[in-house]
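Note sheet for the following structure.
The values are calculated or read from the model by the stated rules, or taken from the named source; none is laboratory data. If you're wondering where the values come from, they're calculated on a predicted model, not measured in any experiment. Positions of Cβ are generated from backbone atoms using ideal geometry, with glycine treated the same way; all protein chains shown enter the neighbour counts. Protein only, heavy atoms only, side chains kept; ligands, DNA and RNA dropped before computing areas. Shrake-Rupley method; radii C 1.70, N 1.55, O 1.52, S 1.80 Å.
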Amino acid sequence: MENDAPILILDTGVGGLTVLEEVQRALPDAPLIFAADRAGLPYGTKTEAEVAARVAGLLGRMSERYQPRLACIACNTASTIALGMVREVLEIPIVGTVPAIKPAATMTKTGVIGLLGTAGTVRQPYVDRLEADFASDKRLIRHPAPGLVDLAEAKAAGEPISVDDVKQEVSGLLDAPDANEIDTIVLACTHFPLLEAELAQIFGPNVNYVHGAKGIARRIAFLTEDQTFERSQKDFAVVTGKHNPAQMERLSRQFSPYGLDEVRVF
Ligand code: DGL
């Protein structure tokens, strides 16, 4: 493996940046490529077959082109659906992002945990298994909030969003039986940590938010601990799909705060 072989981080959009940020912190010398499957956004409303085929195909083509040492699926929807399959078809290590139910179960005092994810994620058997393994003695209230994906995209582009917009998307969780006892919320979509400030205003000061980004960065650091990193070019972003100049400009606004100054089309 070349020392400049990158770590590839894939999501549909800005959600993956919440993971990228932690990887940058843990491994500042690691060359990174951030891949946003804009043409596939959103994964959360697609069928399992569509997501699995898309992610496996895309990661295969990107691996051929960029020769990454490791790929991270920075998306709960894609990971809970397709992690096993992608690991079977690619030869490099694949790190996934799955709902942080295990840490949430250790944190909750009331025993009532909320889980916000895409519609695709909340219905996955993978989530059933996490619940059975780590939270069987807790009450886990799952709520699909796919509208938060667009709100996170807008916020990351510097566009105005309101707390009321966010509240509408989570009203089903707010109104659920026992919701007043929720003290921990799993942000089971990588886009949602970008809305933590708005969620904190809605759910009040006594709720903790938990997601996997730091754990993923630790896992990637562990898997690469014996490897040497050397940057031969600046980190950059790649996006799928066709974009007009205004859309490219919006993408640059979203990515450049993370040091991704160049946006290439894949
Ligand atoms: N960021 C993705 C996730 O973690 C979802 C966004 C989408 O629906 O494409 O599930």
**Q.** The lone exception for residue 32 - which of (1) more than 10 Å from the ligand (Cβ to nearest atom); (2) touching a residue at least 24 places away in the same chain (Cβ under 8 Å); (3) surrounded by fewer than 19 Cβ atoms within 10 Å (Cβ to Cβ) it fails
**A.** (3)
Q: Considering only region 1-29, state which residues are in a loop (DSSP other than H, G, I, E, B) and surrounded by fewer than 24 Cβ atoms within 10 Å (Cβ to Cβ).
A: 1, 2, 3, 4, 5, 6, 27, 28, 29
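Considering only residues of region 200-215 that are in a helix (DSSP H, G or I) and farther than 22 Å from residue 124 by Cβ, which is farthest from the ligand (Cβ to nearest atom)? Steps first, please.
We begin by selecting, within region 200-215, every residue in a helix (DSSP H, G or I); these are 200-203, 213-215.
Of the ones still in play, those that are also farther than 22 Å from residue 124 by Cβ are 200-203, 214.
Numbers: 200: 20, 201: 22, 202: 20, 203: 20, 214: 15 Å.
Checked region 200-215; the qualifying residue farthest from the ligand (Cβ to nearest atom) is 201.
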Q | Every residue from region 97-137 that is farther than 16 Å from residue 83 by Cβ and either among the hydroxyl-bearing types (Ser, Thr, Tyr) or touching a Gly at 6+ places or on another chain (Cβ under 6 Å) (or both) | A | 106, 108, 110, 119, 136
Q: Look at residue 166 and say whether it is more than 24 Å from residue 249 (Cα to Cα), open to solvent by less than 60 Å² (accessible area, probe 1.4 Å) and touching a Leu at 6+ places or on another chain (Cβ under 9 Å).
A: yes
Q: Among the numbered conditions (1) more than 14 Å from the ligand (Cβ to nearest atom); (2) surrounded by 17 or more Cβ atoms within 10 Å (Cβ to Cβ); (3) within 22 Å of residue 22 (Cα to Cα), tell me where residue 192 comes up short.
A: (1)
Q. What is the residue count in region 40-73 for residues that are over 17 Å from residue 120 (Cβ atoms) and either within 13 Å of the ligand (Cβ to nearest atom) or surrounded by fewer than 23 Cβ atoms within 10 Å (Cβ to Cβ) (or both)?
A. 12
Q: Kindly check whether there is at least one residue in region 142-157 that is surrounded by 18 or more Cβ atoms within 10 Å (Cβ to Cβ) and away from the ligand (no atom under 16 Å from the Cβ).
A: no
Q) Which one of these is more than 24 Å from residue 254 (Cα to Cα), β-branched (Val, Ile, Thr) and in contact with a Gly (Cβ under 6 Å, 6 or more places away or on another chain): 94, 141? A) 141
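Here's the yes/no breakdown for (1) without any contact (Cβ under 8 Å) to a residue 24 or more places away in the chain; (2) under 19 Å from residue 155 (Cα atoms):
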{"site": "207", "(1), (2)": "no, no"}
{"site": "220", "(1), (2)": "no, no"}
{"site": "246", "(1), (2)": "yes, yes"}
{"site": "261", "(1), (2)": "no, yes"}
Q: Please tell me if residue 26 is under 22 Å from residue 214 (Cβ atoms), touching a residue at least 60 places away in the same chain (Cβ under 8 Å) and either in contact with a Cys (Cβ under 9 Å, 6 or more places away or on another chain) or near the ligand (Cβ under 10 Å from one of its atoms) (or both).
A: no
Q | The one condition in (1) under 19 Å from residue 219 (Cβ atoms); (2) away from the ligand (no atom under 15 Å from the Cβ) that residue 15 fails to fulfil | A | (2)
Q. For region 176-199, which residues satisfy the criterion of being in a loop (DSSP other than H, G, I, E, B), of a type outside the set (D, E, K, R) and more than 22 Å from the chain's Cα centre (by Cα)?
A. 176, 177, 182
Q) Which residues, taken from region 30-54, are within 14 Å of the chain's Cα centre (by Cα) and among the aliphatic types (A, V, I, L, M)? A) 35, 36, 41
Q) Which residues, counting only those in region 97-126, are of a type outside the set (Gly, Ala, Ser), in contact with a strand residue (DSSP E or B) (Cβ under 7 Å, 6 or more places away or on another chain) and within 16 Å of the ligand (Cβ to nearest atom)? A) 97, 99, 101, 115, 116, 118, 121, 122
